[in-house]
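What follows is a short report on a single structure.
The values are calculated or read from the model by the stated rules, or taken from the named source; none is laboratory data. Note that the structure is a prediction, hence the values are computed from the model and not measured. Note: ideal-geometry Cβ built from the backbone for every residue, glycine included; neighbour counts use all protein chains shown.
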Amino acid sequence: MTSVREPATGSIAAPPAPSTRLLRALGAVALLASAAILTFGLVWWLVPESNPFATATSESPASALLGPAWFAAAVVATGAVGLVVAIATAAPAALARRAPLIAGAAALCAVAVAFVLGDTGTITLAGYLFGLAAVIAGIVTTAVLVVRAPRLGVPLLVLLAALIGMAVWSAGLTWAGVTTFLASFGAALAAQGMLILISAVSVVAVLSWTAIAIVAGRTTRGLRRFEGWLVRHRRALTVLAALGPLPYAVMRASWLTPWPLFAPARGELDPATLATGLMLGSGAVAASILTLGLILRWGRVFPSWMPRVGGRPVPARLAVVPGLAAATVITISAVPIILLTLDADSLDAMIVFNLVLPMWFWGPMLALAVWAYAAWRRTIDGVDVVAIDDAAGTGTSTAR
């Protein structure tokens, strides 16, 4: 294994011209997403009653400000402009000369999609899915550790058993509550298929436009210097990002105590609601731990206790792509959540809610932390890890 040292200054060497192949691939993804957005808008314009934002409990900033007809027109315009920019991105001629222009246009497209289609339903769906995955992954990880690394696995098993005991005997969690939650969640997924599709398209669009803006924008001195700043401060940025979900995790953890926060009094919390809250809290804890992986050793090398991959380098894209996707989901939900809390009973309630669930802080900070990790890996590996199609950028295994 080759040992590498992190550059002391965190500076980024001047990169070559942007990858035509990569920008074409990203442009193709953005093209498909823009075509889907255009289709949504046309359908909602011609058949207003098919617009899910007109009846949904959550709404995007654009749907909150515009009437149904104007909102549909805004969606059509967003998709149409996206098609034009995507075609320009994929065109072969004079790419290097127009890269800064493409970067600016892509950034504007990302903002436009977030404004038009970003809503609270996106983070709700992602939170439930990630929370459920975190619980399953936590159980599996504990079982593997008990066998392959007992010094770590046995204490973790004891902690897990203690938490389950508190949830069952102290807080009132029941198996019926768990199954009721799972049944309700499955029914909600089936009933909101269109909103889920819209959320998926909006996330893909924002993520692809953001990637285009970064890859094309790296031809400019300003963005390269900004990446150098990110690398120098990547540890601080990552710690701040890891703090984002912790207030929510603490709030959910309080449901295991006699003093539950933002919940019915002890004894009045039904088991299904308790199961939901604890699952979401588990997801928040997992998100914080995974974020710290951007600066810890296991963010570069798989832990030795992991079957098959233990000791091998972590592909940079394995952290960059999911990390930026998560940051996108959180960030595009920030403004809709703030708009939703405007209906709170008091200013104090609005402020408390946005401090317990600080999407406005967590999303952008996570995006910067992942970007810093990507730029750092590109610097020490000599590979453009912003590229989603990178297949060989992890030949080194240790880092300072």
TODO: Report whether or not Ala137 is in contact (Cβ under 8 Å) with a residue 40 or more places away in the chain, among the small types (Gly, Ala, Ser), buried (at least 16 other Cβ atoms within 10 Å of the Cβ) and on the phi < 0 side of the Ramachandran plot.
DONE: no
Task: Ser288 touching a residue at least 12 places away in the same chain (Cβ under 8 Å), of a type in the set (S, T, N, Q), closer than 22 Å to Ser184 by Cβ and out of contact with any strand residue (DSSP E or B) (no Cβ under 6 Å at 6 or more places or on another chain) - done: no
- [ ] Answer yes or no: is there a residue in the stretch 196-206 that is of a type in the set (A, V, I, L, M, F, W, C), touching a Ser or Thr at 6+ places or on another chain (Cβ under 6 Å), crowded, with 17+ Cβ neighbours inside 10 Å and under 23 Å from Ala105 (Cβ atoms).
- [x] yes
- [ ] Would you confirm whether any residue within the stretch 166-178 is surrounded by 13 or more Cβ atoms within 10 Å (Cβ to Cβ) and under 27 Å from the mean Cα position of the chain (by Cα)?
- [x] yes
- [ ] Can you confirm whether the stretch 237-250 contains a residue that is of a type in the set (S, T, N, Q) and either buried (at least 22 other Cβ atoms within 10 Å of the Cβ) or under 16 Å from Pro358 (Cβ atoms) (or both)?
- [x] yes
Task: Those helices (runs of 4 or more DSSP H) lying entirely in the stretch 136-218 with at least 3 residues of a type in the set (Ser, Thr, Tyr) - done: 175-191, 193-217
Open item on the list: For the stretch 33-84: of the residues being among the aliphatic types (A, V, I, L, M) and in contact (Cβ under 8 Å) with a residue 60 or more places away in the chain, which is nearest to Ala211 (Cα to Cα)?
Closed with: Ala33
Open item on the list: Quick check on the stretch 251-272: of everything there that is touching a residue at least 60 places away in the same chain (Cβ under 8 Å) and not in a loop (DSSP other than H, G, I, E, B), which residue is nearest to the chain's Cα centre (by Cα)?
Closed with: Met251
Task: Check on Val321, assigned to a helix (DSSP H, G or I), surrounded by fewer than 22 Cβ atoms within 10 Å (Cβ to Cβ) and β-branched (Val, Ile, Thr) - done: yes
Open item on the list: Which numbered condition in (1) at pLDDT below 95; (2) within 18 Å of Val203 (Cα to Cα); (3) assigned to a helix (DSSP H, G or I); (4) not acidic (Asp, Glu) is the only one that Ser58 fails?
Closed with: (3)
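Every residue, every condition in (1) surrounded by fewer than 14 Cβ atoms within 10 Å (Cβ to Cβ); (2) modelled with pLDDT of 85 or more; (3) hydroxyl-bearing (Ser, Thr, Tyr); (4) over 26 Å from the mean Cα position of the chain (by Cα), yes or no:
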| site | (1), (2), (3), (4) |
| --- | --- |
| Ser3 | yes, no, yes, yes |
| Thr39 | no, yes, yes, no |
| Ser63 | no, yes, yes, no |
| Ala73 | no, yes, no, yes |
| Gly82 | no, yes, no, no |
| Thr89 | no, no, yes, no |
| Arg97 | yes, no, no, yes |
TODO: Go through the residues of the stretch 295-305 one by one and say whether even a single one is surrounded by 15 or more Cβ atoms within 10 Å (Cβ to Cβ), closer than 17 Å to Ala372 by Cα and hydrophobic (A, V, I, L, M, F, W, C).
DONE: yes
Task: Out of Thr220, Thr210, sole residue that is closer than 13 Å to Ala107 by Cβ, of a type in the set (Val, Ile, Thr), under 16 Å from the mean Cα position of the chain (by Cα) and at pLDDT below 95 - done: Thr210
TODO: Output the residue which, of all residues in the stretch 99-119 that are among the β-branched types (Val, Ile, Thr) and buried (at least 22 other Cβ atoms within 10 Å of the Cβ), is modelled with the highest pLDDT.
DONE: Val113
Task: Test set (1) assigned to a helix (DSSP H, G or I); (2) more than 22 Å from the chain's Cα centre (by Cα) - Tyr248 fails condition number - done: (2)
TODO: Determine whether Thr122 is of a type in the set (Val, Ile, Thr) and out of contact with any helix residue (DSSP H, G or I) (no Cβ under 6 Å at 6 or more places or on another chain).
DONE: no
